[in-house]
Amino acid sequence: MPPLRLPSVRGWGLALLLLTACSRPSETLPPQASTPAPAAAPAASTEPSDSGLPKIVVLGDSLTAGLGLAQPQAYPALLQEKLNAGGYKWEVVNAGISGDTSAAGLDRVDWALDEGHVRILILELGANDGLRGLPPSEMKKNLGAIIERAKDRRIAVLLAGMEAPPNFGPDYTVSFRQVYRDLARQYNVALLPFLLDRVAGDPSLNQSDGIHPNVDGSHIVADTVWRVLRPMVDAASAPQFHD
């Protein structure tokens, strides 16, 4: 797998704005009803279902929820398209809620994972912890607890890293970034160092607010996630993975 680039200085010119938008209280909405799709090519749903297909749950904030985009344009829906195009009979569940912190994600992780056939968890949380200057140690504890809940259910985890805004100082930034690396090493889970690699800070890839990815940016995010996710799907599809 080719290495993923870490965030550039240019890419984090708008990081603080990005994190601010992720935490807007007015954006905190319940999951929306999913759009029906043919059984052979499901669209990414926004709540667990009993389709019988193996599932990928994406637990995150507004970046996962697809703020400002139609549901089919959010990166979880684009991951579903990639699965369909590759002949993978899997279902993606978008469990993103705008404004969520790692603590809020921990509060609802059981809802997201307790439905049957969940095989992979994409964990995209922490941006709002960074915006609020919450202790990285607390974020690490919350994310670690989510990972443990998944592993207790024999669910593989893809941990999507984020970055803290610079206004809390370099020590906080380094500690925040290190949380994801430490958790990936501690729990032996797949790590995507930066979800918004090649997107953050590029006006042509973000919406008019300069914050959330636009349609083109969302496609790049999906490509970035897919590079790590596809080998996990292949491994989880192997006969020995199942009971």
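Any read-out appearing in this document is the output of simple, stated calculations on the displayed coordinates, not a laboratory observation. Quantities reported herein were computed from a predicted structural model and do not represent experimental measurements. Every residue, glycine as well, gets a Cβ built from its backbone with ideal geometry; the counts of neighbours run over all protein chains shown.
Quick rundown of the values:
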quantity: Simple spin-label estimate for residue 186 and residue 85 in nanometres, 7 Å along Cα-Cβ; calculated: 3.7 nm
quantity: Under 23 Å from residue 55, Cα to Cα: lysines that are on another chain or at least 8 residues apart; calculated: 82, 89, 151
quantity: Order of 122, 220, 97 - criterion: other Cβ atoms within 10 Å of each residue's Cβ, fewest first; calculated: 220, 97, 122
quantity: Potential lengthening between residue 171 and residue 110 on full extension [0.36 nm per residue; Cα-Cα distance subtracted]; calculated: 18.7 nm
quantity: At most 15 other Cβ within 10 Å, DSSP loop - trypsin sites (Lys or Arg not before Pro), the stretch 126-216; calculated: 132, 153, 154
quantity: The stretch 182-243 - Rg over Rh from alpha carbon coordinates, Kirkwood radius; calculated: 1.14
quantity: Dipole magnitude of the stretch 120-192, debye to nearest 20 (Cβ charges: Lys/Arg +1, Asp/Glu -1, about Cα centre); calculated: 280 debye
quantity: The stretch 84-243 - convex hull of alpha carbons, volume per residue in Å³; calculated: 121 Å³
quantity: Assigned charges on the beta-carbon of Lys, Arg, Asp, Glu; the stretch 197-243 dipole about Cα centre (debye); calculated: 100 debye
